[in-house]
Every structure is written in structure tokens, then in C-alpha cells.
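The values are calculated or read from the model by the stated rules, or taken from the named source; none is laboratory data. Please read all numbers here as calculations on a predicted model, not as lab measurements. Because the Cβ atoms are built from the backbone with ideal geometry, glycine has one as well, and the counts that use them run over all protein chains shown. Ligands, DNA and RNA are excluded from the accessible area calculation, which covers all protein heavy atoms including side chains. Shrake-Rupley method; radii C 1.70, N 1.55, O 1.52, S 1.80 Å.
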Amino acid sequence: MGKDYTEEINKRRTFAIISHPDAGKTTLTEKFLLYGGAINLAGSVKGKATARHAVSDWMEIEKERGISVTSSVLQFSYGGCCINILDTPGHQDFSEDTYRTLMAADSAVMVIDASKGVEAQTRKLFKVCVMRRIPIFTFINKLDRDANDTFALLDEIEKELGIATCPVNWPIGCGKNFKGVYDRKTESIITYEDTRKGTKEGETTVIPVCEEGQAAAAIGQEALDNLREEIELLDGASAPFDLELVRAGELTPVFFGSALTNFGVEIFLRNFLEMATPPLPRKADDGIVSPTEREFSAFVFKIQANMNKAHRDRVAFMRICSGRFDASMEVRHVQGNKVLRLSQPQQIMASERKIVDEAYAGDIIGVFDPGTFSIGDTVCMPKERFAYEGIPTFAPEHFARVRQLDTMKRKQFVKGITQIAQEGAIQIFQELSAGMEEIIVGVVGVLQFDVLKYRLENEYNVEIRLENLPYEHIRWIENKDIDLDGLTGTSDMKKIKDMKGNPLLLFVNAWSVGMTMDRNEGLILSEFGRD
């Protein structure tokens, strides 16, 4: 591989932003884009219907509800780096989409609300990061409002998430008394100045803390005395900064600021780019694939239909894992065992798209998908045949029978529900003996039912009625040779099949799973779907 490739790949930084809803993740994403010159004016995420919508929220239902339902992919340049941000849904009902997105990231930025600390969804998403051992950078947000005690916040992160913390800077007050942050490395105070929303941060003053008179004049003697006490405590109590531990996912650097007023965002961005790694090697079935030493390869981590209302298209998002992509090249779709050209390769900034001629390891590209790709598929050079690790399917926890209101729209209904299922937002099942006329939908979070109903109506012009079913537990049958008719179950068990024809069992109660296994010797049940 040529030197130019290596240089381009080493410029890449690809990270996901994770948080609990309302911690300010989408606002922070917008401010990053503002610094990268990708947008000129950041939009308020919430507010009146006439307000500018957040750049990363493009689906209509997202705009109406002010929540991120899908993961957006945003690219911009800053400080000599090419940055790919994967903005994820904060709402727990869409955690499966977030999980898949984290598979495509090299590091994660965790946004925490300073007044709320570690919340339920933060915990869940963090566990996924730990499982993948990806570096985590923490941005404690909303210091322009009243906040919890800073030491208590750090203590909570360490206890709840089981990761050591190392504050890179330290807040001076909060809310109306927020004066700025103290930079531990330079031992300086960076003063806070409120700015007009949507603009870059105002002029900040950097004052060495040893300049007693200047520092006291800037933040007040009381705040300065308090800061000195806190720094002394902090130096004795916090873990020392260790880049190796950060990159191993065992230590999280912590930053403080206010995304809304832009304070601390650029400080965070500069430090993050220094600490985060370029694209990392990936595990495949033939060994470890180096980003710089192998030719082009990528995997599909997301499929999204109808991103463009005018074209009713379907886009497969791919994370490039190695080499350089060229729009004219032919590639092998490993799972389909076909050699093809990737059609209309594009990089996407929310709903804005730009056709690309080339891209490198670490980049995310969207390609037109006529129904060829599935989540987890690998593409590589035609002469190669290897596959990246698959992405497991989450077991749904809520089920409903889908009734179509207008039987004349059968074709649109089947197309719509199948396409939405292929995106991974829902899973669809059928009665063992029935065809597509009897469809059961399974979801990880109930809000996905609303999204399904909304999208079928708005994108496919099909109205449906959902009848909730009492089942809460689903198991795939691993035994290929099992006699399904002779299977002895419990009264609350239902036999179904997935879209690939694999047999499954639904249960109302957890104990019924064990009971069914006891009654059928040799039966093997699994909580995960298989390809």
C-alpha cells in the first residue's frame, strides 16, 4: 500500500457519541460540525415547529418528537484530521441501533448531564463499550446550569460504570456562578463567556493560576480559594493520565463544559483528536485485518430505507476497515458470493449527500442497496474471500400481531414491513403454517411500534392496526433435525418462524422456557438469532 494511503488513513478518527436522552448529545454533535466549518449556524434541537432542526435528525418522526431514532453519520475536517461522527439514538428503545453503530466506531464519546449524572441508558450503552473494549471519552455537559458536586459525579462514573476517571480540566462553579475551567496540564484558568446560541465560543482568557491578582480578578477570590482546595484534593485522589489505559478502555479522560453555549467544546475536540487512535485493526475469520496493510474491505452495519422521499431508496452504510475505496472498483460481496460495483457511493451529513470517488479505512460510506445487503455483510477485493465478525441480533422483548386495514394495499404492506425489518429496527415472524398474511412483529423497545406505524403510513401509504401479544421471551431452536409437530411445550408457548425460515418459540413466562427444555430431551434453545 502506498505512503499516501497510510497518511490518509492515519488522519481518520471515527467515533460514536452516546448518552441518555436529553444529556445534550445532538447539541454537542452540532457544535463539532460548527468548528469543522461543516455548518454555519447550529440549530436548536428542541423548540417551536419553525425552529431549525438538528442537523443529525432527518427522519420526520424525529423532528416531531425531538428524539434521535436512527444513527446519523456525519463527516467533517478539523485540525488536520478527517472526523467521522456516528450520532446514535439516546432513547433506550433504539439501543439495538446504537449497538450496531458502536461496532463501526473506534472510540466513544459519552455525554453526561452534570445535574443528573449516570442515568440508566448510559449504563446500558457503556456495557457495550466495555464488551468491545473501546476507548471512552467523557464530556460532562450543562455546566451553565446548576450541577451535582463534581467529585460526586466522578465517583458515580467510577462506581456505576467500573472505569477509572482522569479529569483533564476542572469546572469552576456551575449555573450562574460558572466561571470557566481549570486546565490541569497547563495549570491555567480558562474563563467562561456566554455566547449567542449557534455561534462559536466567545473570546476566552487563559490565566496561569499562579498569577494570583489576575486570577482573583477574573473569577473572584472565593472561587479561586475554592479551586485551589479542590485541585489539591483532586491531585491526591484521581488516577494519573495514562494514554495506554485510555486506549485500552480502562481509563476515561473527563472534560467539563456547556455544549449549548459552546464553552469547552473546542478544548475537548482538540484533546480528543490527540488522544484518540486512528482506525484500528479488525477481527475477521482469516485473522486480524490491518487498516493500512490490506486492500479495500468493509462491513455493513446499518441499512436505512427512504432517506430521500423523492427517490424512495435504500442505503447500506459501510465502515471501511482497510485500504482505499475507489468508486470505479469491483468488489466481492462475500455473503452473496458476487462480484459487483458499489452503486452511488456517498458520504452523508444527515439528509445531505455527496457522491464520493474515494474513501479510506475509518470512513463511513453509504451505497445504494437494491436489496443485496444484510447487516453484518462483508465486502472486499474480488480475489479475497474473508468475512468480518457478525453482528448479533438482540432478542425482542415486545410482540404484536400486525393487521393491515386496506387489503387492496397488500403489495405495499409486504414491501414496507420487509424493508423496515431488513434495517434491523424490527423483527418479523410468521405462524409456522401461515404465509405473509399472518405477521407478528417483535421489537426491543415499544417506541419502535410507533415508528413502524408512522413509517408504513408516511412512506408506504399503508395503515395498520397493532394487537399486542402477551409474549415476552423468544428462543431460536438450534436443533436442525427437531420434529416441530412432536415438540411438547407449555400452554403459553407459540411456534413461529423468522424470515429465513428458522423455527422459534415464544413464551409468556420465563419458567416456561426451562419447562419446555425439560419436556423435550436434547432440545437446544438460543437467545440470539443466527445468519
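If you count only protein heavy atoms with a 1.4 Å probe, what accessible area per residue comes out for region 312-428, rounded to a whole Å²?
41
Rolling a 1.4 Å probe over the heavy atoms of the protein chains gives region 453-531 an accessible area of 56 Å² per residue.
When a 1.4 Å probe is rolled over the protein heavy atoms, the share of accessible surface on region 210-329 that falls to carbon and sulfur comes to 50 percent.
Taking the protein heavy atoms of region 432-531 in the context of the full set of protein chains, the accessible area attributed to carbon and sulfur is 46 percent at 1.4 Å.
Taking a ≥ b ≥ c as the square roots of the eigenvalues of the Cα gyration tensor of region 212-298, is the shape rounded (a/c under 1.5), prolate (a/b larger than b/c) or oblate?
Judged from the Cα gyration tensor, region 212-298 comes out prolate (a/c at least 1.5, a/b above b/c).
A 29 angstrom limit on the alpha carbon distance is what I want to check against. Which of Lys283/Lys500; Lys31/Lys124; Lys411/Lys497; Lys354/Lys409; Lys453/Lys480; Lys116/Lys354 exceed it? Flagged as over cut-off: Lys354/Lys409; Lys453/Lys480; Lys116/Lys354.
Using the Cβ of Asn141 as centre and a radius below 12 Å, the other residues enclosed give a net charge of +2, where K and R count +1 and D and E count -1. The residues neighbouring Ser512, those whose beta-carbon lies less than 12 Å from its own, together hold a net charge of 0 under the Lys/Arg +1, Asp/Glu -1 convention.
Averaged over residues, the count of other Cβ atoms within 10 Å places the peptides 13-22, 141-150 in the sequence 13-22, 141-150, highest first.
The Met499 and Asp326 beta-carbon pair, evaluated with R₀ = 51 Å, returns a calculated FRET efficiency of approximately 0.90. Summing Lys and Arg as +1 and Asp and Glu as -1 over all other residues whose Cβ lies under 9 Å from the Cβ of Arg332 gives a net charge of +1. The packing ranking, built from the mean of other Cβ atoms within 10 Å per residue, places the peptides 77-86, 293-302, 229-238, 328-337 in the order 293-302, 77-86, 328-337, 229-238, highest first.
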